[in-house]
Amino acid sequence: MKLYLASDHAGFALKTTLIAYLRGVGHEVENVGPFEFAEHDDYPDFCIPCAQKVVADVGSKGVISGLSGQGEAMAANRVVGARAAVYYGGPEEILQLSRQHNDANILSLGAGFLSPEDAERVVAEWLSTPFSGEERHVRRIQKLDHV
């Protein structure tokens, strides 16, 4: 699967770890940036282009990360067709529901709340969870793109 990854400074280390992990398990990964640690970078500069790439490349997915993952998801969700779900811990059913019900195509991770091992595990779970395709979910997603 083609994956696009982006972060800000707070998610940079986790993104670097995930790129190596995802390539190691056979995914094609494109790093959308940043390409080096910069303490005062701005997440929209990387998360919006990441979301644009995911939307343009049907069937691909994205993983973005920052301290909480909240702002990163807000930035990505400005792109029509992007559906970024936030995860920073808690019940992993949240991951499954984001895929099953919302067909989330971007996972936004709170790097300040997840160990690298936990992040690898939840990304693998998220990627392996299919969209249900149920009519009610399709209908709701279509409404998101026509606001």
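Nothing in this text is a laboratory measurement; each read-out follows from the coordinates by a stated rule. Keep in mind the model is a prediction, meaning the values are calculated, not measured. Please note: Cβ atoms are built from the backbone with ideal geometry, for glycine as well, and neighbour counts cover all protein chains shown.
Shape of the range 69-147 from its Cα gyration tensor (a ≥ b ≥ c, root eigenvalues): rounded if a/c is under 1.5, otherwise prolate when a/b > b/c, or oblate?
Values: a/c = 2.75, a/b = 1.44, b/c = 1.91.
It comes out oblate by the Cα gyration axes.
Taking a spot 7 Å from the Cα of E125 along the direction of its beta carbon, which residues of the range 70-86 have an amide N less than 16 Å from it?
Backbone N within reach: 85-86.
Place +1 on the Cβ of every Lys and Arg and -1 on the Cβ of every Asp and Glu in the chain, take the dipole about the Cα centre, and give the residue among H27, A75, S132 whose Cα lies farthest towards its positive end.
It is S132, whose Cα lies furthest towards the positive end.
Return the calculated 222 nm mean residue ellipticity for the chain, to the nearest 500 deg cm²/dmol, obtained by summing -39500 (n - 2.57) across DSSP H runs with n ≥ 4 and dividing by the residue count. Write down the numbers at each step before the final one.
Working: 6 runs with 64 residues, N = 147.
Using -39500 (n - 2.57) per qualifying helix, the result is -13000 deg cm²/dmol.
For the chain, with only Lys/Arg (+1) and Asp/Glu (-1) charged at the beta-carbon, what is the dipole magnitude about the Cα centre, in debye rounded to 20?
Numbers: 13 positive and 20 negative charges, 116 e Å.
Taking the Cα centre of the chain as origin, the dipole is about 560 debye.
Output needed for the chain: three equivalent-ellipsoid semi-axes, defined as square roots of 5 times the C-alpha gyration tensor eigenvalues, in descending order, whole Å.
Result for the chain: semi-axes of 22, 17, 14 Å.
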